[in-house]
1. Name every residue in segment 77-91 that is under 16 Å from ALA47 (Cβ atoms) and within 14 Å of the chain's Cα centre (by Cα), in order of residue number.
2. Restricting attention to segment 22-42, which residues are surrounded by 15 or more Cβ atoms within 10 Å (Cβ to Cβ) and not in a loop (DSSP other than H, G, I, E, B)?
3. Going by the structure shown, is ARG79 basic (Lys, Arg), surrounded by fewer than 18 Cβ atoms within 10 Å (Cβ to Cβ) and in contact (Cβ under 8 Å) with a residue 12 or more places away in the chain?
4. Assess whether ALA96 counts as being farther than 21 Å from LYS43 by Cα, part of a loop (DSSP other than H, G, I, E, B) and of a type in the set (A, V, I, L, M).
5. Applying the selection to segment 25-57, what residues are of a type in the set (Lys, Arg) and more than 23 Å from PRO101 (Cα to Cα)?
Amino acid sequence: MPKRRAWEEDEDEAAAPPPEPCWLCGRDLGELIEWHHPVPKSKGGKARVAVHPICHRTIHAHFTNAELGRIGEDVEALRHHPEIAKFLTWVAGKPADFNAPTKKKER
């Protein structure tokens, strides 16, 4: 099978469904995608969801693995947390591959 050049589009790619949105913020995913375990592997989680790197850092800046294990796959519980809700409002208009420093929660 010959190698494809970056600018050549495969017929299968042209018919591919649009990418999934970010699990946390709901914006379209960009070039950089990270995989988040809603229930941490250390707590027995196996499922993974696609998120933006900034969304991933924000989740882990505000929740410990124990807290994430208790919340489970309930993304709405995360979205209703005051700091996450503030972040989601702020990031809503940003481009998919937007990056910025992430503040950690005061513990």
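None of the figures in this text is laboratory data; all of them are computed from the coordinates on show. Quantities reported herein were computed from a predicted structural model and do not represent experimental measurements. Every residue, glycine among them, receives a Cβ derived from its backbone with ideal geometry; neighbour counts consider all protein chains shown.
1. Once the filter is applied, which keeps residues that are under 16 Å from ALA47 (Cβ atoms) and within 14 Å of the chain's Cα centre (by Cα), segment 77-91 yields only LEU78.
2. Within segment 22-42, GLU34, HIS36 qualify.
3. Working: basic (Lys, Arg): yes; surrounded by fewer than 18 Cβ atoms within 10 Å (Cβ to Cβ): yes; in contact (Cβ under 8 Å) with a residue 12 or more places away in the chain: yes.
For ARG79, the condition - basic (Lys, Arg), surrounded by fewer than 18 Cβ atoms within 10 Å (Cβ to Cβ) and in contact (Cβ under 8 Å) with a residue 12 or more places away in the chain - is met.
4. Answer is yes for this residue.
5. LYS41, LYS43, LYS46, ARG48
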